[in-house]
Amino acid sequence: MLNSKTIRRFAGLASVSLLLAACSSGGTDTEASGEINVFLIPSPSSTSIQSFIPDFEKETGIKVNVSETPYGEAHQKQLLSYQQKAGAYDVAQFDNTYLMPFCQAQAMLPLDGYLADSSEYDIADFGQSQQDYGKCNGETLGLTLSTEPMIQWYRTDIYEKLGLKPATTWDEYFNNAKKVQADGHGGQIIGFGPNVSWWWMTMVWSFGGKLYDDALNPTVNSKEAIAATDFLKKLMTVSPKGAATANSDEVTSKFLGEDIGAMINYSGYYGSVLDKTINKNEGKIGTAPMPVGAVDITHLAGWNIGVPKDAKNPDAAWKFLEYVLGKTNAKKYLESGAAAIGRRSITTDADLLAKFPYLAQLEIPSSSRIERYPQIAVWPEFEVAAIDAVTQVLNGKSDSTKALNALNEKLKPILAKEPK
Amino acid sequence: MPKRMKLTRPIGQFTVGAWVLLAVTVLIPIFYGIYISFLDIKLSSFLPPQFVGFDNYVAAFKAPETWATLKITLIMMVVGMLVQIPLGMALALVLHRNLKGSKIFSSILITPMLLTPVAVGLTFRFMFDTDLGIINWVLGFVGVENINWLGQQSTGIFAIILVDSWQSVPFVMLLLVAALGSISPQLYEAASIDGATARQTFLKITLPLITPTLLVVVMIKIMDFLKLFDTLFMLTRGGPGNETTTLGLWTYKTGFVFLEFSRAAALGVLIMIITAPVYFLWRRSTKENK
């Protein structure tokens with residue numbers, strides 16, 4: 001039988017152990033070690049991350065195991081793993097569109113504690129919009145893995161020949177495209193195919209509209225949204241025919257491989273400009289900010305990377321993120337082929353700007369309102385419905401007012417399902 | 001021990017393995033699918049699933065997409081079979097004659113069947129490209145302007161059926177060649193002696209005798225079209241909009257894009273219910289033929 005002295009000793013020992021355990025979790029002072037499992041999605045960012053692993057392992061002694069899963073199933077696989085609390089991954093790459101489902105599922109570990117203590121990561125090196133990019137309900141659930149605003153791309157040779165300047169307004173953009181088309185080239189290109197929603201919502205925001213209001217009532221049939229949709233259709237008349245079915249990758253490969261005056265697309269595609277197998281117009285690609293409509297907006301997209309809440313080795317995971325995405329390796333990260341991360345020390349670096357002129361577009365002026373993929377869990381269903389309606393307009397099967405009124409009705413029950 | 005039991009016992013023991021395998025790979029997933037169709041499982045929600053009765057089925061019946069995608073599936077199925085079965089049969093009849101070069105001809109014909117649908121879909125997507133595709137390039141020589149093949153519903157469905165037919169006709173042909181080979185040559189000799197014409201021989205001897213195989217082909221093709229995915233996904237992804245989305249692809253989108261697993265399970269059960277009569281018709285017809 002245990003006497004009271006033994007019980008007191010045991011209780012004291014347990015208290016000290018618990019106190020030590022509490023002090024060691026979540027802080028950055030402890031020496032991280034062991035092994036981490038990193039979940040990546042095939043992309044230039046993923047390739048760059050992997051290029052750092054041998055040096056990281058040598059320097060820290062932490063073993064890094066990588067698993068790559070294609071985009072189409074990556075987030076589903078992550079959600080399944082988080083639901084089972086399997087602790088399968090210590091670091092996970094995810095698209096910003098999944099930030100809200102991950103947030104609602106409380107799947108990711110808030111990184112604010114680590115960020116506050118890390119001079120190596122130096123969160124102050126990012127503009128406010130970038131600091132907020134991986135935030136949900138005030139907590140940072142993912143670091144920025146790429147900063148990809150939608151920008152204007154143009155062919156410097158064609159524009160120079162025709163005496164054109166990159167457009168500052170949508171009217172100018174259309175007129176430029178018309179002149180380029182009249183000269184025998186493709187006027188401009190955006191994706192009217194399976195990703196048309198990306199350009200459509202950009203237009204809606206730029207024309208002063210919103211997809212839904214603060215109470216989650218759809219507003220896609222506003223006069224601004226209708227004007228934006230009509231303009232999208234107007235752009236089809238100055239686009240090559242193949243744009244009608246092109247997805248975002250095909251838009252890029254067509255612009256870089258064919259004879260097209262301009263393109264609106266994410267800056268993250270600059271890696272393709274440097275790839276001679278894709279870019280047949282080497283040295284003739286210029287970039288400029290996206291034209292401004294009724295409202296100056298920047299459609300900002302990009303990857304996030306974070307630490308799942310069920311990670312078995314979160315301290316080592318943070319150490320890895322800090323190593324790959326910290327200030328010391330920031331240049332090396334960009335030069336290894338990744339889409340740029342909008343650190344001020346990178347976007348204002350003269351040497352880098354000479355090599356990657358598009359970095360200037362990553363310096364988003366504070367006057368420009370940042371718009372991201374809608375941060376709602378029902379976005380995938382919303383998006384499919386929107387693509388269907390916009391396609392009806394683009395194909396001439398319906399006019400924009402009728403199609404968007406129907407879409408607005410259709411979105412009501414979808415948005416009603418959004419967890420409050 | 002009664003004679004009957006003596007016979008059945010070892011047979012039962014021999015089939016245990018097959019039954020276990022069948023249960024694990026087919027029966028359990030089916031019953032689990034039916035079970036979760038009555039819950040409200042969403043991959044994006046970590047809340048415990050609730051029983052919702054027939055809500056998912058009601059939602060599926062009410063959704064216009066269910067009917068629109070079912071209509072597209074049926075159009076593809078009917079048109080596809082009208083193309084593939086006569087063409088497969090014509091090729092089978094030619095090969096059955098054992099003409100010179102038949103072996104090389106059949107080897108070439110079955111090549112598309114050996115290719116993965118994803119690779120085929122991707123290759124044809126490039127071929128159908130409006131600006132750079134070889135199909136429009138060839139049509140350009142006869143004065144046809146660039147056609148936006150995958151950007152419209154009618155041409156998109158046509159393209160999907162064409163690609164699926166390119167891969168499926170050899171399969172139909174192979175089954176029918178086997179069926180034709182099983183017909184006794186004496187029947188044809190007797191018909192010839194009786195002065196039957198080629199048309200009469202085909203309608204009175206060949207067709208009735210290959211009907212069970214034809215029914216198998218029809219059943220397989222119906223199921224193939226209901227689960228058509230790879231080629232369709234690579235070619236159009238169900239677009240433009242949802243205009244070439246089949247019920248199968250819609251089920252995939254519901255489950256893996258909208259993350260609504262229970263709703264997708266309900267749609268899966270509906271597809272199973274749609275397929276069931278075809279199976280029972282086939283069973284009945286094979287019994288009648290016996």
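Being in contact (Cβ under 8 Å) with a residue 40 or more places away in the chain, basic (Lys, Arg), assigned to a helix (DSSP H, G or I) and surrounded by fewer than 22 Cβ atoms within 10 Å (Cβ to Cβ): is that true of A:Lys412 here?
On the way: in contact (Cβ under 8 Å) with a residue 40 or more places away in the chain: yes; basic (Lys, Arg): yes; assigned to a helix (DSSP H, G or I): yes; surrounded by fewer than 22 Cβ atoms within 10 Å (Cβ to Cβ): yes.
It is true that A:Lys412 is in contact (Cβ under 8 Å) with a residue 40 or more places away in the chain, basic (Lys, Arg), assigned to a helix (DSSP H, G or I) and surrounded by fewer than 22 Cβ atoms within 10 Å (Cβ to Cβ).
Residue-wise test of (1) crowded, with 19+ Cβ neighbours inside 10 Å; (2) touching a residue at least 24 places away in the same chain (Cβ under 8 Å); (3) closer than 23 Å to A:Ala74 by Cα.
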site	(1), (2), (3)
B:Thr206	yes, yes, no
B:Thr211	no, yes, no
B:Pro240	yes, yes, no
B:Thr251	yes, no, yes
B:Ala276	no, no, no
B:Tyr279	no, yes, no
B:Arg283	no, no, no
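Restricting to segment B:44-61, give me the number of residues that are more than 23 Å from B:Val257 (Cβ to Cβ) and away from chain A (no Cβ under 14 Å). Quick ask: steps written out before the conclusion?
Going residue by residue through segment B:44-61, those that are more than 23 Å from B:Val257 (Cβ to Cβ) are B:48, B:51, B:53-54.
Now restrict to residues that are away from chain A (no Cβ under 14 Å): B:51, B:53-54.
The number of residues fulfilling the criteria is 3.
Which one of the conditions (1) touching a strand residue (DSSP E or B) at 6+ places or on another chain (Cβ under 6 Å); (2) farther than 26 Å from A:Gly142 by Cβ does A:Met290 fail to meet, given that it meets all the rest?
(2)
Please determine whether any residue of segment A:197-213 is at pLDDT below 95 and out of contact with any Ser or Thr (no Cβ under 8 Å at 6 or more places or on another chain).
no
Of all residues in segment B:127-159, how many are under 25 Å from the mean Cα position of the chain (by Cα) and either within 9 Å of chain A (Cβ to nearest Cβ) or at pLDDT below 90 (or both)?
7
Looking at A:Met203 and the list (1) crowded, with 18+ Cβ neighbours inside 10 Å; (2) part of a loop (DSSP other than H, G, I, E, B), which single condition is not satisfied?
Only one criterion is unmet by A:Met203, namely (2).
Residue-by-condition table, conditions (1) within 14 Å of chain B (Cβ to nearest Cβ); (2) over 20 Å from A:Leu334 (Cβ atoms); (3) free of Cβ contacts under 8 Å to residues at least 12 places away in the same chain; (4) not in a strand (DSSP E or B):
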{"residue": "A:Gln106", "(1), (2), (3), (4)": "yes, yes, no, yes"}
{"residue": "A:Pro110", "(1), (2), (3), (4)": "no, yes, no, yes"}
{"residue": "A:Gln130", "(1), (2), (3), (4)": "no, no, no, yes"}
{"residue": "A:Met150", "(1), (2), (3), (4)": "no, no, no, no"}
{"residue": "A:Trp153", "(1), (2), (3), (4)": "no, no, no, no"}
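Considering only residues that are β-branched (Val, Ile, Thr) and either more than 8 Å from chain B (Cβ to nearest Cβ) or touching a residue at least 12 places away in the same chain (Cβ under 8 Å) (or both), which ones fall in segment A:370-398? Break it down into steps so the answer makes sense when it comes.
Applying the first criterion (β-branched (Val, Ile, Thr)) to segment A:370-398 yields A:370, A:376, A:378, A:384, A:387, A:390-391, A:393.
Matches in segment A:370-398: A:Ile370, A:Ile376, A:Val378, A:Ile387, A:Val390, A:Thr391, A:Val393.
Taking the options A:Val324, A:Val390, A:Val384, name whichever one is out of contact with any helix residue (DSSP H, G or I) (no Cβ under 6 Å at 6 or more places or on another chain) and among the β-branched types (Val, Ile, Thr).
A:Val384
On the basis of being assigned to a helix (DSSP H, G or I) and either under 24 Å from the mean Cα position of the chain (by Cα) or within 14 Å of another protein chain (Cβ to nearest Cβ) (or both), does B:Ile28 make the cut? Steps first, answer last, please.
Details: assigned to a helix (DSSP H, G or I): yes; either under 24 Å from the mean Cα position of the chain (by Cα) or within 14 Å of another protein chain (Cβ to nearest Cβ) (or both): yes.
Yes; evaluated as a whole, the condition is true for this residue.
For segment B:255-290, how many residues meet the condition of being modelled with pLDDT under 80 and either of a type in the set (Asp, Glu) or over 27 Å from B:Leu215 (Cβ atoms) (or both)?
Going through segment B:255-290 one residue at a time, the tally reaches 1.
Which residue is surrounded by the fewest Cβ atoms within 10 Å (Cβ to Cβ), if the candidates are limited to segment A:255-267 and must be in contact with a His (Cβ under 7 Å, 6 or more places away or on another chain) and not in a strand (DSSP E or B)? Working first, answer last.
Of segment A:255-267, the ones in contact with a His (Cβ under 7 Å, 6 or more places away or on another chain) are A:259-261.
Among the residues that remain, those that are also not in a strand (DSSP E or B) are: A:259, A:261.
Working: A:Asp259: 16, A:Gly261: 26.
Residue satisfying both the conditions and the ranking: A:Asp259.
For the condition under 14 Å from A:Gly306 (Cα atoms), acidic (Asp, Glu) and more than 14 Å from chain B (Cβ to nearest Cβ), what is the one hit in A:Asp95, A:Asp90, A:Asp55?
On the way: A:Asp95 fails: more than 14 Å from chain B (Cβ to nearest Cβ); A:Asp55 fails: under 14 Å from A:Gly306 (Cα atoms).
Selected residue: A:Asp90, the only one of A:Asp95, A:Asp90, A:Asp55 that is under 14 Å from A:Gly306 (Cα atoms), acidic (Asp, Glu) and more than 14 Å from chain B (Cβ to nearest Cβ).
For residues that are surrounded by fewer than 16 Cβ atoms within 10 Å (Cβ to Cβ) and under 20 Å from the mean Cα position of the chain (by Cα), scanning just segment A:56-105, find the one that is modelled with the lowest pLDDT.
Only one residue tops the list, namely A:Gly72.
Quickly run through segment A:246-265 and pick out the residues that are charged (D, E, K, R) and either in contact with a Phe, Trp or Tyr (Cβ under 9 Å, 6 or more places away or on another chain) or more than 12 Å from chain B (Cβ to nearest Cβ) (or both).
As a first pass, look at segment A:246-265 and keep what is charged (D, E, K, R): A:249-250, A:254, A:258-259.
Within segment A:246-265, just A:Asp249 meets the criteria.
With respect to the numbered conditions (1) away from every other protein chain (no Cβ under 14 Å); (2) surrounded by fewer than 19 Cβ atoms within 10 Å (Cβ to Cβ), which one is the sole condition not fulfilled by A:Gly134?
Of the numbered conditions (1) away from every other protein chain (no Cβ under 14 Å); (2) surrounded by fewer than 19 Cβ atoms within 10 Å (Cβ to Cβ), the odd one out for A:Gly134 is (2).
Before we move on, is A:Gly191 within 14 Å of chain B (Cβ to nearest Cβ), in contact with a helix residue (DSSP H, G or I) (Cβ under 6 Å, 6 or more places away or on another chain) and under 20 Å from A:Asn395 (Cα atoms)? Reasoning before the result, please.
Values: within 14 Å of chain B (Cβ to nearest Cβ): yes; in contact with a helix residue (DSSP H, G or I) (Cβ under 6 Å, 6 or more places away or on another chain): yes; under 20 Å from A:Asn395 (Cα atoms): yes.
Yes, satisfied.
Would you confirm whether or not segment B:180-198 contains a residue that is more than 30 Å from A:Phe192 (Cβ to Cβ) and under 13 Å from the mean Cα position of the chain (by Cα)? Spell out the reasoning first.
Pass one, segment B:180-198, residues more than 30 Å from A:Phe192 (Cβ to Cβ): B:180-198.
Next, only the ones that are under 13 Å from the mean Cα position of the chain (by Cα) stay: none.
Taking every residue of segment B:180-198 in turn, none turns out to be more than 30 Å from A:Phe192 (Cβ to Cβ) and under 13 Å from the mean Cα position of the chain (by Cα).
Based on what the data block shows, is A:Lys355 among the basic types (Lys, Arg), surrounded by fewer than 22 Cβ atoms within 10 Å (Cβ to Cβ) and within 14 Å of another protein chain (Cβ to nearest Cβ)? Talk me through it step by step, then tell me what you get.
Numbers: among the basic types (Lys, Arg): yes; surrounded by fewer than 22 Cβ atoms within 10 Å (Cβ to Cβ): yes; within 14 Å of another protein chain (Cβ to nearest Cβ): no.
No.
Name every residue in segment A:214-245 that is touching a strand residue (DSSP E or B) at 6+ places or on another chain (Cβ under 7 Å) and within 12 Å of chain B (Cβ to nearest Cβ), in order of residue number.
At the first step, the residues of segment A:214-245 found to be touching a strand residue (DSSP E or B) at 6+ places or on another chain (Cβ under 7 Å) are A:218-219, A:239-240, A:243.
Passing the criteria: A:Ser239, A:Pro240, A:Ala243.
Residues that are within 14 Å of chain A (Cβ to nearest Cβ), more than 30 Å from A:Gly242 (Cα to Cα) and hydrophobic (A, V, I, L, M, F, W, C): list the helices (runs of 4 or more DSSP H) wholly contained in segment B:194-290 that include at least 2 such residues.
On the way: elements: B:198-201, B:207-226, B:230-235, B:247-252, B:261-289.
Passing ranges, in order: B:261-289.
So in segment A:112-128, with the set limited to residues that are part of a helix (DSSP H, G or I) and of a type in the set (A, V, I, L, M, F, W, C), which one is nearest to the other protein chains (Cβ to nearest Cβ)?
A:Leu115
The values are calculated or read from the model by the stated rules, or taken from the named source; none is laboratory data. Remember, predicted model here, so these are calculated numbers, not experimental data. Virtual Cβ from ideal backbone geometry, glycine too; neighbours counted across all protein chains shown.
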